Amino acid sequence: MESKIDILHKLQAGDFAAYLKTLTNESHVFNKIYLSFGSKFNEPYVNLKTHDDSPWFSNALDQMCPSFIRYRPDEAIENILVIIIDDFRNNKLLNQNMLLLGQELETLTHTRICLLDNLCNVKSLKEIMKNIIEFAEMYNVENNNFMVCNFVKYMNLPNIREESNMRLITNHVSYILKKHDRYYDCLYEWFGYCDGLHTMVYNYNNLVDKPYFKHSLRILQQIIHSKSNGLPIHFMKEFSTSNLHVYELMKGICSLEICHDKPYHMNISLYDFMRLTNIIKDSMRENII
């Protein structure tokens, strides 16, 4: 399949379904689907402090099209559909994002990217999710190769309206997916502007109600700050902690920065990746099995 970028502006009822229909008419089988809300590139730097005062580079590209899609082994020839939904506000910002993604397409294969320039409300959100679930089911896309990621967050404490915007996508997408057993746990939530965690997303339906979630997250962030030397956590030589709930937490976390050097499932967890690459040692694995 030829890799390319499609653009849809300000959806009317039925537009997204019609777009997906054109893809089916091209006779390509899609094996993986990655859909994101609120992931567009705005600025190269984030105006916040890191724990060590180093520059905080934007990871918008990894939010729109993660490293595990852009960097995958040559033998991985699955066709991937990437859908980026955001309000791009003006043509200048839209063109910047197209340029950023277009540079990646020069080396990407079997990847179709759709920029959907649209501000979602409840009605359009429900329609988009209904259409994409039907599309995924038609191609028999496996649960672990279907991801819906919510990146709608604010750097500062959100006001009432902003808080409502943040919860809109999470609440409605979570509810919609819960009605489809196959894709129940395919919603991922960004950790937001949390230094050390901002390159990762967590499985919302599986983790949000866990009693250990917040405490284990603080421990994981402390380990990243003290042990990773500024590199992604999966570059550590060894990872261990006495708090076994941290490992359980990591089973529901995906890193947007992981490059697949083997044909893993798209949503391979941080824990599984670090176990398979021997960063988490066998002795520690035995303690939590």
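Just so it is clear, none of the values below were taken in a lab; they were calculated from the coordinates. Keep in mind it's a predicted model, so treat the numbers as computed, not measured. Note that we place each Cβ from the backbone using ideal geometry, even for glycine, and neighbour counts take in every protein chain shown.
In percent, rounded to a whole number, the relative contact order of the range 148-260 is 25, using alpha-carbon pairs under 8 Å and six or more apart.
Highest mean first, what order results for 21-29, 2-10, 127-135, 250-258 on Cβ atoms within 10 Å?
Details: 21-29: 11.4, 2-10: 13.4, 127-135: 19.1, 250-258: 21.9.
So the peptides 21-29, 2-10, 127-135, 250-258, ranked by packing, come out 250-258, 127-135, 2-10, 21-29.
When the Cα convex hull of the chain is projected onto planes of every orientation, the mean area is 15.3 nm². Spin-label model, Lys214 to Lys92: label points 7 Å out along the Cα-to-beta-carbon direction sit 4.1 nm apart. With R₀ fixed at 22 Å, the C-beta to C-beta distance from Glu78 to Ser58 puts the FRET efficiency at about 0.20. Projected label points at Gln103 and Ser27, each 7 Å from Cα along the beta carbon direction, are separated by 3.7 nanometres. In percent, rounded to a whole number, the relative contact order of the chain is 22, using alpha-carbon pairs under 8 Å and six or more apart.
A 27 angstrom limit on the alpha carbon distance is what I want to check against. Which of Lys153/Lys281; Lys10/Lys32; Lys32/Lys92; Lys130/Lys214; Lys4/Lys178; Lys32/Lys130 exceed it? Mind showing how you got there, number by number?
Working: Lys153/Lys281 35 Å; Lys10/Lys32 25 Å; Lys32/Lys92 30 Å; Lys130/Lys214 32 Å; Lys4/Lys178 32 Å; Lys32/Lys130 17 Å.
Beyond 27 Å: Lys153/Lys281; Lys32/Lys92; Lys130/Lys214; Lys4/Lys178.
Simple spin-label estimate for Asn159 and Ser226 gives 4.0 nm between the two label positions (7 Å along the Cα-to-Cβ direction from each Cα).
Roughly how tilted is helix 91-105, in degrees to the nearest 10 and between 0 and 90, from the longest Cα axis of the chain? Computed tilt is about 70 degrees. Highest mean packing first, where packing is the average number of other Cβ atoms within 10 Å per residue, the peptides 166-172, 210-216 line up as 166-172, 210-216.
Cβ neighbours within 10 Å, averaged per peptide: list 153-161, 85-93, 184-192 in order, most packed at the top.
Values: 153-161: 10.6, 85-93: 15.8, 184-192: 21.0.
So the order, starting with the most tightly packed, is 184-192, 85-93, 153-161.
The Cα atoms of the range 102-214 give a gyration tensor whose axes a ≥ b ≥ c have a/c under 1.5, which makes the shape rounded.
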